[in-house]
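Undergrad: Dropping the structure in here first, questions after.
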Amino acid sequence: MSQLNYKESTVARARRVVIKVGSAVLSDVDGLRIDVIEQLAAQIESAVRAGQEIVIVTSGAVAAGRARLSKLQGATIAARQAAAATGQIDLMSAWARAFEGHGRSIAQILLTHQDLAERRRRQNATQTITELLGAGVIPIVNENDTVAVEEIRLGDNDVLSSLVASLVQAGLLIILSDVDGVLTGDPRKREDARLIPVINDPEAEMRGLVAEKAGPLGVGGMATKLKAARQAARAGIAVIIARGREAGIVTAA
Ligand code: GLU
């Protein structure tokens with residue numbers, strides 16, 4: 001099956017979809033890219049109207065906070081948490097405005113690793129998300145950066161998105177990033193790096209793949225995307241890693 005056919009049938013089959021949008025998609029050095037958020041919201045809205053249930057996992061709080069306040073540039077955990085607490089408001093306002101244009105409500109869900117490790121908390125999160133989906137509201141998840149301390153924090157939203165996908169028993173996880181997908185190597189270092197169209201057996205096929213580090217705006221890089229993809233695959237969830245700023249990437253992902 002070609003990559004395109006595979007994607008089309010996977011996307012069409014999945015009723016419940018988790019879409020993770022990375023900081024490198026939603027922001028640049030000047031802060032949030034409202035045009036990108038609007039464009040993604042329009043695509044997600046049409047998928048919802050076509051009958052899909054969509055949960056968004058969004059990054060961008062730290063980037064938005066740093067763009068707003070020059071005092072919050074520090075690399076310490078506290079500076080990052082403070083930037084996230086400030087930027088989370090801008091991030092959610094941007095999503096809310098983008099969906100408002102379509103008459104669609106959104107909800108904010110802030111989670112930590114600990115929340116998902118505890119049965120009762122996990123159950124409550126699942127119930128809330130299910131209730132929201134039933135009411136036609138789009139749940140938008142981010143890590144609760146304020147209380148996430150280094151030892152227990154999820155580390156990045158890629159892993160969070162695969163946990164959320166398992167939580168809501170999604171059929172598909174779409175990880176939107178600034179790369180086209182999984183490559184055989186770091187394209188900046190290897191001219192022969194090429195895109196791997198379909199990975200059917202993640203355990204075997206992902207072994208030994210070169211994983212680059214994150215860019216300046218992202219946290220995860222390809223390594224955590226592969227980790228998230230492997231986790232999701234173990235739970236029977238199909239995963240698509242794609243370039244988030246490409247037109248029509250969600251509807252035709
Ligand atoms: N929670 C962080 C933020 O909103 C992002 C973590 C990540 O990108 O993986 O900025």
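Undergrad: Kindly evaluate Ala85 against the criterion of being touching a Leu at 6+ places or on another chain (Cβ under 9 Å) and part of a helix (DSSP H, G or I).
TA: In short, no.
Undergrad: Here's another thing I want to ask about it. Which of (1) open to solvent by 60 Å² or more (accessible area, probe 1.4 Å); (2) farther than 22 Å from Glu38 by Cα; (3) away from the ligand (no atom under 14 Å from the Cβ); (4) not acidic (Asp, Glu) does Gly74 not meet, given it meets every other one?
TA: Of (1) open to solvent by 60 Å² or more (accessible area, probe 1.4 Å); (2) farther than 22 Å from Glu38 by Cα; (3) away from the ligand (no atom under 14 Å from the Cβ); (4) not acidic (Asp, Glu), only one is false for Gly74: (1).
Undergrad: Sticking with this structure for a sec: Ala79 - would you say it is under 19 Å from Gly244 (Cβ atoms), out of contact with any Lys or Arg (no Cβ under 7 Å at 6 or more places or on another chain) and not in a loop (DSSP other than H, G, I, E, B)?
TA: Considered against the rule, which asks whether it is under 19 Å from Gly244 (Cβ atoms), out of contact with any Lys or Arg (no Cβ under 7 Å at 6 or more places or on another chain) and not in a loop (DSSP other than H, G, I, E, B), Ala79 comes out as no.
Undergrad: Kindly provide the set of residues from segment 86-132 that are within 16 Å of the ligand (Cβ to nearest atom), open to solvent by 50 Å² or more (accessible area, probe 1.4 Å) and under 20 Å from Ser166 (Cβ atoms), ordered by number.
TA: Residues satisfying the conditions are Leu110, His113, Gln114.
Undergrad: Right, here's the next one. If you check Ser162 against the conditions, is it at pLDDT 75 or above, in a helix (DSSP H, G or I) and farther than 22 Å from Val25 by Cβ?
TA: no
Undergrad: Can you tell me which residues in segment 49-69 are over 17 Å from the mean Cα position of the chain (by Cα) and in a helix (DSSP H, G or I)?
TA: Answer for segment 49-69, where residues must be over 17 Å from the mean Cα position of the chain (by Cα) and in a helix (DSSP H, G or I): Arg49, Gly65, Arg66, Ala67, Arg68.
Undergrad: Is it true that some residue in segment 149-156 is open to solvent by 20 Å² or more (accessible area, probe 1.4 Å) and at pLDDT 75 or above?
TA: No, that holds for no residue.
Yes/no per residue for (1) modelled with pLDDT under 90; (2) touching a helix residue (DSSP H, G or I) at 6+ places or on another chain (Cβ under 7 Å):
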residue: Glu8; (1), (2): yes, no
residue: Arg49; (1), (2): no, no
residue: Thr76; (1), (2): yes, no
residue: Gly87; (1), (2): no, yes
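Undergrad: In addition: Residues of segment 57-71 being away from the ligand (no atom under 12 Å from the Cβ) and modelled with pLDDT of 90 or more, which ones?
TA: Scanning segment 57-71 gives a single hit, Arg68.
Undergrad: Could I ask something else about it? Which of the residues belonging to segment 23-39 are open to solvent by 10 Å² or more (accessible area, probe 1.4 Å) and either of a type in the set (Asp, Glu) or not in a helix (DSSP H, G or I) (or both)?
TA: Once the filter is applied, which keeps residues that are open to solvent by 10 Å² or more (accessible area, probe 1.4 Å) and either of a type in the set (Asp, Glu) or not in a helix (DSSP H, G or I) (or both), segment 23-39 yields Asp28, Val29, Asp30, Leu32, Arg33, Asp35, Glu38.
Undergrad: Check Ala79 against each of (1) open to solvent by less than 30 Å² (accessible area, probe 1.4 Å); (2) in contact (Cβ under 8 Å) with a residue 24 or more places away in the chain and name the one condition it does not meet.
TA: Of everything listed in (1) open to solvent by less than 30 Å² (accessible area, probe 1.4 Å); (2) in contact (Cβ under 8 Å) with a residue 24 or more places away in the chain, Ala79 misses just condition (2).
Undergrad: Condition check: modelled with pLDDT under 85 and under 26 Å from Leu26 (Cα atoms). Does Pro187 satisfy that?
TA: Judged against the criteria, Pro187 is a match.
Undergrad: On to the next question. Specify which of the listed residues (Leu226, Leu195) is more than 14 Å from the chain's Cα centre (by Cα) and at pLDDT 75 or above.
TA: None of the other options fit; the residue is Leu195.
Undergrad: Which condition does Ala135 not pass, out of (1) over 15 Å from Leu32 (Cβ atoms); (2) within 12 Å of the ligand (Cβ to nearest atom); (3) out of contact with any Lys or Arg (no Cβ under 8 Å at 6 or more places or on another chain), if it passes all the others?
TA: (2)
The values are calculated or read from the model by the stated rules, or taken from the named source; none is laboratory data. Everything numeric here is computed off the predicted structure, so don't read it as measured data. Neighbour counts are summed over all protein chains in view; Cβ atoms, including those assigned to glycine, are modelled from backbone coordinates with ideal geometry. Surface accessibility is based on the protein's heavy atoms, side chains included, excluding ligands, DNA and RNA. Shrake-Rupley method; radii C 1.70, N 1.55, O 1.52, S 1.80 Å.
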